[in-house]
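Written out below as structure tokens is the structure these notes cover.
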Amino acid sequence: MKFQTQGLIIKEQNIGEQDKLVFALTKSNGIIKAFVRGAKNLKNQKCASTSLLSYSRFTIYKGRDSYIIGDAQTIRIFSKLRSDMRKMCLAQYFCELALTICPREQKSDAFLSLILNSLYLLGEEKRSPELIKACFEMRLASMAGYMPDLRMCRGCGEYSAEKMYFLPRLGVLECGSCHTNNAEISVELNPSTLTALRHTVYADDDRLFSFSLSSEGLAVLNEASESYLKYRFEKDFKTLRFYKMIN
Ligand SMILES: [Zn+2]
């Protein structure tokens, strides 16, 4: 069976002298693993359009248990990310998250839009990397069915207090009074970091990246989002460790 779709390459592996194996987040089929023949020949058009972080239009053949990319036309290559080591590392973390969390064998337009928007904003410096990162993490997890409950304190129903606590392992909030006898790992939130964390989960898609927060606030927001993903997916993301190391 042959079909056409658009997708972003989120992982590539060389196999043999000429071929490679790629993982792409596609619009029509979610994450697919596909072979690309002759992709290491630099004269081959498929070389660039199937390399990491290329967003391309693919013609794909589906075999019994594998996919083969027959043709690939580049739509966007995010060149501004590639020339900046820090941004490139963050982009690779986004790819690792997508590979871990995004669905397979189902339509994934929304997931693809989220990562493309995040990469675009990162490359063009339209938002700070830390703001983009926290939004991407929380929204991706929420879309994949891991939405935390940030409506109110889980003990008494308090909506907002001077101090609230986010419990990343459980994905819930507690107010200062309910939190006292609790050994659970937590991130302390003030009213502005609480508003921002709620925004990353509940804001409309087209408003997701539209807020601002101090750099101290962004550090807290990132602590909350990183630990939420770590506990939800029980994974220590290698690319995140690397990003933090070079930062
Ligand atoms: Zn409470």
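At a glance:
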quantity	calculated
Residue under evaluation ALA39, criteria (1) more than 28 Å from SER128 (Cα to Cα); (2) under 25 Å from the mean Cα position of the chain (by Cα); (3) of a type outside the set (Val, Ile, Thr), criterion not met	(2)
Candidate set: the range 130-150, residues that are in contact with a Leu (Cβ under 8 Å, 6 or more places away or on another chain) and without any contact (Cβ under 8 Å) to a residue 40 or more places away in the chain; chosen: the one nearest to the ligand (Cβ to nearest atom)	ASP149
Test: CYS156 is within 11 Å of the ligand (Cβ to nearest atom) and modelled with pLDDT of 95 or more	yes
Extreme residue, nearest to ASP204 (Cα to Cα), among residues of the range 102-145 that are surrounded by 15 or more Cβ atoms within 10 Å (Cβ to Cβ) and among the basic types (Lys, Arg)	ARG139
Residue list for the range 152-204, filter: out of contact with any strand residue (DSSP E or B) (no Cβ under 8 Å at 6 or more places or on another chain), within 17 Å of TYR228 (Cβ to Cβ) and exposed (fewer than 14 other Cβ atoms within 10 Å of the Cβ)	ARG169
Residue within the range 137-145 that is on the phi > 0 side of the Ramachandran plot and not basic (Lys, Arg) present	yes
Condition check for LYS235: within 16 Å of THR100 (Cβ to Cβ), in contact (Cβ under 8 Å) with a residue 24 or more places away in the chain, in a loop (DSSP other than H, G, I, E, B) and not small (Gly, Ala, Ser)	yes
Any hit, the range 153-161, residues being under 24 Å from the mean Cα position of the chain (by Cα) and aromatic (Phe, Trp, Tyr)	no
Verdict on GLU162 being acidic (Asp, Glu), assigned by TED's automatic domain parsing to the domain that holds LEU97, touching a residue at least 12 places away in the same chain (Cβ under 8 Å) and within 20 Å of ALA219 (Cα to Cα)	yes
The one condition in (1) under 27 Å from LEU114 (Cα atoms); (2) touching a Lys or Arg at 6+ places or on another chain (Cβ under 9 Å) that SER214 fails to fulfil	(2)
The range 48-64 residues that are within 19 Å of GLN13 (Cβ to Cβ), paired with ones that are of a type in the set (Val, Ile, Thr) and in a loop (DSSP other than H, G, I, E, B) (beta carbon under 6 Å, 6 or more apart)	SER54/ILE77
Residue match in the range 172-195 (condition: closer than 30 Å to ILE31 by Cα and more than 16 Å from the ligand (Cβ to nearest atom))	no
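The values are calculated or read from the model by the stated rules, or taken from the named source; none is laboratory data. This one's a predicted model, so the numbers in the text were calculated from it and none came from an experiment. In this analysis, Cβ positions are derived from the backbone assuming ideal geometry, glycine residues included, and neighbour counts consider all displayed protein chains.
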